[in-house]
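Here's the structure, in structure tokens; my notes come after.
Nothing in this text is a laboratory measurement; each read-out follows from the coordinates by a stated rule. Since the structure is predicted, the reported quantities are computational estimates derived from the model, not experimental observations. Positions of Cβ are backbone-derived with ideal geometry, glycine not excepted, and every protein chain shown enters the neighbour counts.
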């Protein structure tokens, strides 16, 4: 399901394998922009990373861009919140990846995120 990756961040970041049904969904530009569903690359207690596609609209993304009302999906788990983009990293095979801070939208979303991370840790992926 996931693999722990080493980073300079304080929270452990867990890589999501490509065979797992995991994505980030949002509208851009927000609100009332085009809907995007992009593969989730990894997740931590404070952020996410997702793969970009070939869509020219996404070329307008930049560090510091805020995306309200994003949804992170991993299997049946759905967590809503806001994102602030921290970096866009080009990739040889695709358009690259984007790292973002993720702010759960409600107490329920925060509990879901913490439970998801605790489950990954319980599986010995920390």
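What the Cβ-Cβ distance of residue 57 and residue 122 gives, at R0 = 35 Å and to the nearest 0.05, is a FRET efficiency of 0.35. Remark: spin-label model distance residue 37-residue 110 equals 3.0 nm, labels positioned 7 Å along the Cα→Cβ axis.
Taking 0.36 nm per residue of separation and subtracting the current Cα-Cα distance, fully stretching the chain between residue 46 and residue 30 would add 3.6 nm. Over the Cα atoms of the stretch 2-121, each weighted equally, I'd like the Debye log10 I(q)/I(0) at q = 0.12, 0.14, 0.21 Å⁻¹, rounded to two decimals. Values, matching the q order: -0.39, -0.54, -1.29.
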